[in-house]
Ligand code: NAD
């Protein structure tokens, strides 16, 4: 029997972690980041079509578990994702995820995928896409503060999409910096390991903060940030979890994905409810301004929005068509007579 195609109704294609890694190597990581950024940008540009809601979060002392749903009217998608900063001490990931796409017209799932790796890719692709709009022209150096699971993806995406040449790494844990430097060796970036956040920012036009700590942390203080830089703030993405001193926000033009979610989760949770922000989709369709001067500080207050996961799943669905990088998942009951669900169960009794 030939392998079912992803368009077969009774079978849901499943992309495992193993197949996601194979897909990345098949496409090439930089090409995949560029492809993901293209899909993410396309969906930002049709923003008004989407069902949008802040993600549904279940908080605990240790972390958060979230559901992120959206739909463009034809396809529905959601991601399950957690954030548990102390997980790494037990050898577990801070962030793990999986996601699903379904047909809106009949509600049948059409893709189930691992999204731990895909989230790192989509977050990096989104960061670089936003930096393409907001970073100073000719930016070639990025400070990468927080050298955990996301950091190499962030660095490679900024190379592939923005064209950076130098990445300056810093983490409070030197072992994390050494790991990131080793992983990035030979990938076309000049990598420098730094001893402090200040040192990592020397000569950097882009500053990425990607740390994990469930508190109001101050990774950057006001005096550390000079005029004209672009800040890509990734790690403050949950109530009570931020990375930047409020004074930096006062001096910056802040760009966000979906304001109702970012006001709860982003750096701007520290500011008044009416703190001015610009929506990225409007910059992308040209109805709002991005960078307007060489001295302006632009700040992407990234929290990760459901449409970015939807775009990433849409991209993966297109890429696995005609490949072996998926498995048939027996997820949907498919009785010959749709009303005879019980009969199907009964006939399956062991004889
Ligand atoms: P991780 O736990 O693998 O890495 C975090 C790193 O930050 C660790 O190496 C840790 O030593 C370092 N760190 C902690 N405090 C620091 C400090 N004060 N200065 C320098 N380094 C410090 O986590 P990860 O998977 O890389 O995720 C990083 C953050 O990004 C998390 O907070 C996560 O929730 C967030 N995240 C955001 C998005 C988004 O879309 N915005 C997506 C994914 C993850």
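Restricting to region 230-351, what percent of DSSP beta bridges are antiparallel, rounded to 5?
The answer is about 10 percent antiparallel.
Please give the length that would be gained between residue 215 and residue 274 if that part of the chain were fully extended, namely 0.36 nm times their separation in residues minus their C-alpha to C-alpha distance (nm, one decimal).
Stretched fully, the residue 215-residue 274 segment lengthens by 18.9 nm.
With the contact rule set at Cα under 8 Å and sequence spacing of 6 or more, what percent relative contact order holds for the chain?
21 percent
So how long is each side of the chain along the principal axes, counting just the alpha-carbon atoms, biggest first, in Å?
Principal extents (Cα only, largest first): 75, 44, 40 Å.
Under 15 Å from the 7 Å Cα→Cβ point of residue 348, by amide nitrogen: which residues of region 315-329?
Output list for this probe position: 329.
Could the peptides 96-104, 214-222 be put in order, highest first, of the mean number of other beta-carbon atoms found within 10 Å of their residues?
96-104, 214-222
Could you tell me how many degrees, from 0 to 90 and to the nearest 10, lie between the Cα long axis of helix 306-320 and the main elongation axis, the longest principal axis, of the Cα atoms of the chain?
Relative to the chain, helix 306-320 is tipped by roughly 60 degrees.
Over the chain, what is the percentage of antiparallel beta bridges among all DSSP beta bridges, to the nearest 5?
Here the antiparallel bridges make up roughly 50 percent for the chain.
If you stretched the chain out fully between residue 340 and residue 38, how much longer would it get, using 0.36 nm times the residue separation minus the C-alpha to C-alpha distance?
Length gained between residue 340 and residue 38: 104.3 nm.
With a cut-off of 14 Å, note down the residues of region 288-330 whose backbone N falls inside the zone around a label point 7 Å from the Cα of residue 137 toward its beta carbon.
291-295
Ranking request for peptides 196-202, 44-50: highest mean number of other beta-carbon atoms within 10 Å first, then the rest in descending order.
Most protected by this proxy first, the peptides run 196-202, 44-50.
According to the square roots a ≥ b ≥ c of the eigenvalues of the Cα gyration tensor, what is the shape class of region 11-94, taking rounded for a/c under 1.5, prolate for a/b larger than b/c otherwise, and oblate for the remainder?
In terms of gyration-tensor shape, oblate.
Express in whole angstrom the spacing between the alpha-carbon centres of region 193-254 and region 27-50.
Measuring centre to centre over Cα atoms gives 26 Å.
Could you work out the relative contact order of region 194-351? I mean the mean sequence separation of Cα pairs under 8 Å and 6+ apart, divided by the number of residues, in percent.
So the answer I get is 22 percent.
Based on the alpha-carbon gyration tensor of region 1-159 and its eigenvalue square roots a ≥ b ≥ c, which shape applies: rounded if a/c is under 1.5, prolate if not and a/b is larger than b/c, or oblate?
Since a/c stays below 1.5, the shape of region 1-159 is classed as rounded.
Can you tell me the orientation of helix 174-184 relative to the chain, as the angle in degrees between its alpha-carbon axis and the longest Cα principal axis, to the nearest 10?
The angle comes out at about 70 degrees.
Classify region 80-233 from the C-alpha gyration tensor, please: rounded if a/c falls under 1.5, else prolate or oblate depending on whether a/b exceeds b/c.
Prolate, because a/c is 1.5 or more and a/b exceeds b/c.
Students often get this wrong: which residues of region 294-331 have the backbone nitrogen under 16 Å from the point 7 angstrom along Cα-to-C-beta of residue 26?
Only 313-329 fall inside the zone, counting backbone N under 16 Å.
Could you work out how far helix 116-134 tilts from the main Cα principal axis of the chain, as a 0 to 90 degree angle to the nearest 10?
The helix 116-134 is inclined about 40 degrees to the chain.
To the nearest 0.05, how large is the calculated FRET efficiency for residue 67 and residue 182 if R₀ is 30 Å and r is the Cβ-Cβ distance?
That gives a FRET efficiency of 0.25.
List the relative contact order of region 58-190 as a percent without decimals, with contacts defined as Cα pairs under 8 Å and 6+ residues apart.
Contact order relative to length: 15 percent.
Here, each number is a calculation from the coordinates, and none is a lab measurement. Given the structure is predicted, the values throughout are model-derived calculations rather than measurements. With ideal geometry, Cβ positions are generated from the backbone for all residues, glycine too; neighbour counts draw on all protein chains shown.
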